[in-house]
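Here the structure is laid out as structure tokens; the discussion comes afterwards.
The values are calculated or read from the model by the stated rules, or taken from the named source; none is laboratory data. All values derive from a computational prediction rather than experimental measurement. In this analysis, Cβ positions are derived from the backbone assuming ideal geometry, glycine residues included, and neighbour counts consider all displayed protein chains.
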Amino acid sequence: MSDDRPVVRAPAGAVRGIWRGDSAAFLGIPFAKAPVGELRFAAPVAATPWTGTLDASAPGPTPQRRPFAEVTTIPEPSFPGDATLNLNVFTPAPGRDSGLPVLVWIHGGGFFAGSPSSPWYDGASYNRDGVVTVSLSYRLGFDGFGWIDDAPTNRGLRDLIAGLEWVRDNIAAFGGDPSRVTIAGQSAGGSAVLALLASPLADGLFSQVIAHSAADLSLSITRARVIGHAFAERAGVGSTRAGWSGLDEDAVLDAQTALMAPTEGPPANAAAFVRGVLAVGGVALPFVPLVGDDVLPVSLTEALRRGGGTRAAVLAGTVAHEFTPQPQAIRLAWSDSDPVQALSDAGVPRDAARAYVEAQPEFTWTADLCGQVLTDRTFRMPLLAWADGRPLRTWLYDFRWPAPGLGLSTHCLELPFTWDVLDEAAAVVGPHPPQELADAMHGAWVRFITSGDPGWPSWDGHNAHVFGAGQADTYSASRTLAAALAARSS
């Protein structure tokens, strides 16, 4: 290997990256023009091919301008600058026509936060196994998904499609095969890849999908318009591109933060918490993918019912206790509440409530059982609905290794194992995480990316592969709750 920095001459232009051992990284490559000025709130416009050699040794600007929270599970750095629509490429074969499979990663963050340049998303581990890896950026929050009367909808999804088009046209120069692309993401990123699976505009840009913890995060065009007009009125601008362009970036972010701030105190009791979860269908966010336009004409469930996305193999799953700890701060306040009674008072038929509680003996606090309803309603029940709608070439998993000190398997915990970056995630996985679990999960992901089969039987309604615990029908409690709610509403 040469000590010189690697250079790849792609159709988009020449880029100079950095060596990291036996693989190379090319960071901050623009796939679309900076979304500023006349392009603010517009559909993405492909970057103009550049002359000379672009320095791709440092991360590019990120759409995330402010950290999600002071302490986040995933380290997600923000970088300043206008050219936020960029991507990172990690490859073991720069400049060689190697025909390697490609993994394209879409980060999470509720569609309003997150970074493609997290050290957790470094592609070195996949490069080691012969997989070219790409991480994409996309516009977030109101900029990416908010309703504006004269602006294109689903700007964030359009960004991702533009990024995938760049991969199609350029990845061969980095050693990848554009016909062997797997798109993958976690949380909002998982929801995004399922939206792309249902989108006719993304057809042909990938052949496989991996969806980690994909919530059903979407809004109808009608509902988005109502939210958009109310948001514009609250911000004191017209609901037009000209109106919103009168506010600078910080002013829009301030308005967005105020809109998303909690307006209610803690629920009065356990039943009220569950009732609220069931009423909103899990987690409600104002700026998410919209259903009813050319990007996403119908919901994923409806698209699958109509036969959409059947050409792509799908690997999907959740962690066991995604948002379960949310009400833990009020464990003691609810300690005298009977969980069966709480679920029943919230509208779950009593027999189903009892079966749901009895199926999950790991929970000794009523608050934890109520939190598990949030996990099921937000993540696990939608997963079952999607998977049951397309069992062909579909594989499910359930990650159940408990985090040290917490005793639960919570949101984002599986990522250091699938990326095999346990050293980078010591603050989350502890000082002695099981490397054998990372070997098993990362190995299964590599098998799926390279062959379309992770190594266990495809979904038949009851055979998700369990990581970090004994194999069992671990989605049965989720199915019990889903069936009970369906019967209640019929």
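Considering every residue within segment 369-377, establish whether at least one is at pLDDT 90 or above, over 23 Å from the mean Cα position of the chain (by Cα) and closer than 14 Å to S478 by Cβ. If you could, list the steps in order and put the result at the bottom.
Of segment 369-377, the ones at pLDDT 90 or above are 369-377.
Subset that is over 23 Å from the mean Cα position of the chain (by Cα): 369-370.
Next, from what is left, pick out any that are closer than 14 Å to S478 by Cβ: 369.
Checking segment 369-377: at least one residue is at pLDDT 90 or above, over 23 Å from the mean Cα position of the chain (by Cα) and closer than 14 Å to S478 by Cβ.
Are there any pairs, at least 6 apart or on different chains, whose C-beta atoms fall under 9 Å, with the first in segment 477-490 and charged (D, E, K, R) and the second buried (at least 18 other Cβ atoms within 10 Å of the Cβ), and if so, which?
R479/R380; R479/M381; R479/L384; R488/V348; R488/A352
What number of residues within segment 403-442 are in a helix (DSSP H, G or I) and touching a residue at least 12 places away in the same chain (Cβ under 8 Å)?
16
In this structure, does A387 turn out to be modelled with pLDDT of 95 or more, under 30 Å from R305 (Cβ atoms) and assigned to a helix (DSSP H, G or I)?
No, not satisfied.
Restricting to segment 18-44, and then to whatever is small (G, A, S) and over 22 Å from Y138 (Cα atoms), can you tell me which residue is surrounded by the most Cβ atoms within 10 Å (Cβ to Cβ)?
So, considering only residues that are small (G, A, S) and over 22 Å from Y138 (Cα atoms), the one surrounded by the most Cβ atoms within 10 Å (Cβ to Cβ) is A24.
In contact (Cβ under 8 Å) with a residue 40 or more places away in the chain, among the aromatic types (F, W, Y) and surrounded by fewer than 23 Cβ atoms within 10 Å (Cβ to Cβ): does that describe F90?
Here the answer is no, as F90 does not meet what is asked.
From G60, G99, which residue is in contact (Cβ under 8 Å) with a residue 40 or more places away in the chain, out of contact with any helix residue (DSSP H, G or I) (no Cβ under 7 Å at 6 or more places or on another chain), surrounded by fewer than 17 Cβ atoms within 10 Å (Cβ to Cβ) and not basic (K, R)?
So the residue among G60, G99 that is in contact (Cβ under 8 Å) with a residue 40 or more places away in the chain, out of contact with any helix residue (DSSP H, G or I) (no Cβ under 7 Å at 6 or more places or on another chain), surrounded by fewer than 17 Cβ atoms within 10 Å (Cβ to Cβ) and not basic (K, R) is G99.
Looking for whichever is of a type in the set (F, W, Y), in contact with a Ser or Thr (Cβ under 6 Å, 6 or more places away or on another chain) and closer than 26 Å to A279 by Cα here; the options are F363, F379. Which one fits?
Numbers: F363 fails: in contact with a Ser or Thr (Cβ under 6 Å, 6 or more places away or on another chain).
On inspection, the qualifying residue turns out to be F379.
Looking only at segment 323-359, which residues are in contact with an Asp or Glu (Cβ under 9 Å, 6 or more places away or on another chain), buried (at least 17 other Cβ atoms within 10 Å of the Cβ) and assigned to a loop (DSSP other than H, G, I, E, B)?
Selection gives T324, P325.
All but one of (1) farther than 26 Å from G144 by Cα; (2) at pLDDT below 95; (3) not acidic (D, E) hold for A261; which doesn't?
Every condition holds for A261 apart from (1).
Looking only at segment 192-207, count how many residues are in contact (Cβ under 8 Å) with a residue 40 or more places away in the chain and crowded, with 24+ Cβ neighbours inside 10 Å.
8
So which of D143, D159, D216, D169 ends up being within 16 Å of V314 (Cβ to Cβ) and acidic (D, E)?
D216
Would you please name the residue that is surrounded by the most Cβ atoms within 10 Å (Cβ to Cβ), looking only at residues in segment 208-225 that are under 15 Å from A284 (Cα atoms) and of a type in the set (A, V, I, L, M)? Before the answer, list the steps.
Here is the first cut: in segment 208-225, the ones under 15 Å from A284 (Cα atoms) are 214-220, 223-224.
From what is left, the residues that are of a type in the set (A, V, I, L, M) are 214-215, 217, 219, 224.
Numbers: A214: 29, A215: 26, L217: 24, L219: 21, A224: 24.
In this case the residue turns out to be A214.
All but one of (1) in contact (Cβ under 8 Å) with a residue 40 or more places away in the chain; (2) surrounded by 15 or more Cβ atoms within 10 Å (Cβ to Cβ); (3) of a type outside the set (G, A, S) hold for P266; which doesn't?
(2)
Looking at R380, R393, R400, which is the one that is on the phi > 0 side of the Ramachandran plot and either buried (at least 20 other Cβ atoms within 10 Å of the Cβ) or touching a strand residue (DSSP E or B) at 6+ places or on another chain (Cβ under 8 Å) (or both)? Full working, then the answer.
Working: R380 fails: on the phi > 0 side of the Ramachandran plot; R400 fails: on the phi > 0 side of the Ramachandran plot.
When all the criteria are applied, what remains is R393.
Name the residue, out of A251, A224, A303, A271, that is part of a helix (DSSP H, G or I), under 18 Å from R139 (Cα atoms) and in contact (Cβ under 8 Å) with a residue 24 or more places away in the chain. Spell out how you get there, then give the answer.
Numbers: A251 fails: in contact (Cβ under 8 Å) with a residue 24 or more places away in the chain; A303 fails: under 18 Å from R139 (Cα atoms); A271 fails: under 18 Å from R139 (Cα atoms).
The conditions single out A224.
Could you go through segment 20-38 and let me know if any residue there is modelled with pLDDT of 95 or more, of a type outside the set (G, A, S) and on the phi > 0 side of the Ramachandran plot.
Within segment 20-38, none of the residues are modelled with pLDDT of 95 or more, of a type outside the set (G, A, S) and on the phi > 0 side of the Ramachandran plot.
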